[in-house]
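Undergrad: Have a look at this one.
No value in this document is a laboratory result; all are computed from the given coordinates. A quick note: this is a predicted structure, and the numbers were derived from the prediction, not measured. Because the Cβ atoms are built from the backbone with ideal geometry, glycine has one as well, and the counts that use them run over all protein chains shown.
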Amino acid sequence: MTVKLVPFKKEHLDCMDMRAHEASIIRSDLIEGLEQGACVTGIYDGRIITCGGIIPTSFGNADIWQIPSVYVKDVKIVYCKYIRNWIDKTVNELALRRLETLCLDDELHTRWMSFLGFQREGIKRQWVEGQDYALWARLYEVK
């Protein structure tokens, strides 16, 4: 079975079983901006496993975001292949030179971002709800 990608709609978040951390920080003012850029919802076996996207900002730069569901852990290998391929394809289509994101400063996110080829650039101390977040970026050559 493969991951089916459909265009992201903010309503997908209402149908999604989010992990506790993501559910605690999602606010309506954040959701409004998520439908910009190249954004998709990943569905596997009839369940939403992730929502995410790449939102171009300026000068070939873009923000990348992802909200995984509790089911993402059940399809790790399939999911890892799909997300890496989707990122590379989208970066090429949008002719981007830099992606960046913020995520919790913990071991899980460090392993994930490293797997995706991102490098850690710094820390935003006590950024959300008193928790530290790491700034990650990945550079590309524009083709």
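Undergrad: Counting other beta carbons within 10 Å of each residue's own, what order do R19, R125 fall into, fewest first?
TA: Fewest-to-most ranking of R19, R125: R125, R19.
Undergrad: Read through the labelled values (1) 90, 44, 26; (2) 38, 36, 29; (3) 44, 28, 27 and report the label of the one computed as Cα extents along the principal axes in Å from the structure.
TA: Derived directly from the coordinates: (2).
Undergrad: Here's a follow-up. Run through the DSSP bridge list for the chain and note the antiparallel percent, rounded to the nearest 5.
TA: 90 percent
Undergrad: Then there is this: Using θ = phi - 60° and the Karplus relation 6.51 cos²θ - 1.76 cosθ + 1.60, list the HN-Hα couplings for region 93-109 in order, rounded to whole Hz, with x at every Gly or Pro.
TA: 4, 8, 6, 8, 10, 8, 10, 9, 7, 10, 8, 3, 8, 9, 5, 4, 5
Undergrad: I'd like the FRET efficiency for A20 and R97, computed as 1/(1 + (r/R0)^6) with the beta carbon distance as r and R0 of 35 Å, rounded to 0.05.
TA: So the FRET efficiency works out to roughly 0.50.
Undergrad: Explain nothing, just the number: dipole magnitude of the chain about its Cα centre with +1 on each Lys and Arg Cβ and -1 on each Asp and Glu Cβ, in debye rounded to the nearest 20.
TA: Dipole about the Cα centre, nearest 20: 480 debye.
Undergrad: Further question: Between V142 and V70, what is the FRET efficiency for a Förster distance of 25 Å, r being their Cβ-Cβ separation, to the nearest 0.05?
TA: Result of the calculation: an efficiency of 0.10.
Undergrad: Please arrange D14, D74 by how many other C-beta atoms lie within 10 Å of their C-beta, fewest to most.
TA: The fewest-first ordering by Cβ neighbours comes to D14, D74.
Undergrad: With r defined as the distance between the Cβ atoms of E129 and C80 and R0 fixed at 30 Å, what FRET efficiency is calculated, to the nearest 0.05?
TA: About 0.60, to the nearest 0.05.
Undergrad: Want the number for E32 to E107: 0.36 nm per residue separation, take away the alpha-carbon distance, what's left?
TA: 24.0 nm
Undergrad: For region 36-107, which trypsin sites (Lys or Arg not before Pro) are in a loop by DSSP, counting at most 16 other Cβ atoms within 10 Å?
TA: Qualifying residues, ordered by number: R97.
Undergrad: Which of D17, D106 comes first, and how do the rest follow, when ranked by fewest Cβ neighbours within 10 Å?
TA: Taking fewest neighbouring Cβ atoms as first place, the list is D17, D106.
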